[in-house]
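Accompanying notes for the structure given below.
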Amino acid sequence: MDTNLLEQKIRKLIAFNPSDFLIFASHLESVQLKKNELWESPGKIASHAGFINKGIIRAYQLKDGAEFIHEFYTEGDFFGDYISYQNQLSTDVVLSAIEDCEILRISFRAIEELSDQVPDVKRFSEFIGKQKEKQLYDRAASLLTNTPEERYKQLLQERPDLIQRLPQYYLAQYLGVTPISLSRIRKRIFINKR
């Protein structure tokens, strides 16, 4: 099980005692997801958090047969529906692999238990919680206040890797536009760069 990327990511976020990291890592499990495979079943209470070593996960909700994409998670990202676990409510968020994925998995219960015993795990868990809260706030604010073109430009600036790796229809869903509208946005941006 490769924990190098996870250890690097954690060290960038907080000062994590090496022995505490080993305790944390001993609760991890390596999981492989094939393209289009689900992380956990929607309609059940979420039970695990994940860290992506390789691949892309798409988080979305379904309404009347339409998909509404919340977020894309790539290498070095943490994901999971902690709100479902914390409130013991079934999740309506679907987490699906866009590519074959290598993921490190840990149960939310293990994180809670470790947080009570290992101060660095508690600090790390709180940090990730705040980071996810900010991510949700920023996404909601962007959908409310930015035009689709502004959202696309922001995506180009902040996550250009997604532009290259994702099918256009996923990008369009994420931006809240049709694939045809996305093509027009891309064309306008290209013309304005000349």
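We did not get these values from a lab; they are worked out from the coordinates using the rules stated. Treat the numbers as computed from the prediction; the structure is a model and nothing was measured. Every residue, glycine as well, gets a Cβ built from its backbone with ideal geometry; the counts of neighbours run over all protein chains shown.
When a/c reaches 1.5 or more, the comparison of a/b and b/c decides; with that in mind, is the chain rounded, prolate or oblate per its Cα gyration tensor? Working shown, then result.
Working: a/c = 2.01, a/b = 1.70, b/c = 1.18.
Taking the square roots of the gyration eigenvalues as a ≥ b ≥ c, the chain is prolate.
Rounded, prolate or oblate: which one fits segment 40-114, using the alpha carbon gyration tensor with axes a ≥ b ≥ c (rounded when a/c is under 1.5, else prolate when a/b beats b/c, else oblate)?
The shape class here is oblate.
Which value in deg cm²/dmol, rounded to the nearest 500, describes the helix-derived mean residue ellipticity at 222 nm for the chain, given -39,500 (n - 2.57) per DSSP H run of n ≥ 4 and division by the residue count?
Working: 9 runs with 101 residues, N = 194.
Rounded to the nearest 500, the figure is -16000 deg cm²/dmol.
I'm checking a number: the convex hull volume of the Cα atoms of segment 102-194, normalised per residue, in Å³. What is it? Write out the running numbers ahead of the final one.
Values: hull volume 12.4 nm³, N = 93.
Per residue, the Cα convex hull of segment 102-194 comes to 133 Å³.
Count charges around I57 for me, please; just the other residues with Cβ under 13 Å from its Cβ, Lys/Arg as +1, Asp/Glu as -1. Before the final figure, lay out each step's value.
Details: positive: K34, K35, K54, R58, R105, R165; negative: E37, E40, E71, E75, D77, D81, E99, D100, E102.
Spelling it out: positives minus negatives among the neighbours equals -3.
Show which aspartates and glutamates lie in cross-link reach of K193 when reach means a straight Cα distance below 20 angstrom and same-chain residues fewer than eight apart are skipped.
Result set, ordered by chain and number: E149, E150, E158, D161.
Evaluate the charge dipole of the chain about its Cα centre and quote only its size in Debye, nearest 20, assuming +1 on the Cβ of each Lys and Arg and -1 on the Cβ of each Asp and Glu. If you can, show how the numbers build up before the last one.
Numbers: 27 positive and 27 negative charges, 230 e Å.
With only Lys, Arg, Asp and Glu charged at Cβ, the dipole is about 1100 debye.
For the charge dipole of the chain, defined by +1 on Lys and Arg C-beta atoms and -1 on Asp and Glu C-beta atoms about the Cα centroid, which residue among G65, Q131, V94 has the Cα displaced farthest towards the positive pole?
Towards the positive end, the residue furthest out is G65.
Tell me the net charge near Q164. Cut-off is 15 Å between Cβ atoms, Q164 excluded, with +1 for each Lys or Arg and -1 for each Asp or Glu.
-1
Tally Lys and Arg at +1 and Asp and Glu at -1 over the other residues with C-beta under 12 Å from the C-beta of T91: what net charge comes out?
-2
Once you order the gyration tensor axes a ≥ b ≥ c over the Cα atoms, which shape class does segment 146-194 get: rounded for a/c under 1.5, otherwise prolate or oblate by comparing a/b with b/c?
Details: a/c = 1.39, a/b = 1.15, b/c = 1.21.
Taking the square roots of the gyration eigenvalues as a ≥ b ≥ c, segment 146-194 is rounded.
Out of every Cα-Cα pair in segment 126-171, what percent are more than 12 Å apart? Show your work: numbers first, answer last.
Details: 709 of 1035 pairs.
Of all Cα-Cα distances in segment 126-171, 69 percent exceed 12 Å.
Packing-wise, with mean Cβ within 10 Å as the measure, how do 32-45, 76-89 rank, highest first? Display every interim value, and only then the final one.
Values: 32-45: 14.4, 76-89: 16.6.
Result, highest mean first: 76-89, 32-45.
For E37, enumerate residues with amide H under 5 Å from its amide H, sequence gap 5+ or separate chain, H modeled in the peptide plane.
Amide H neighbours of E37: A97.
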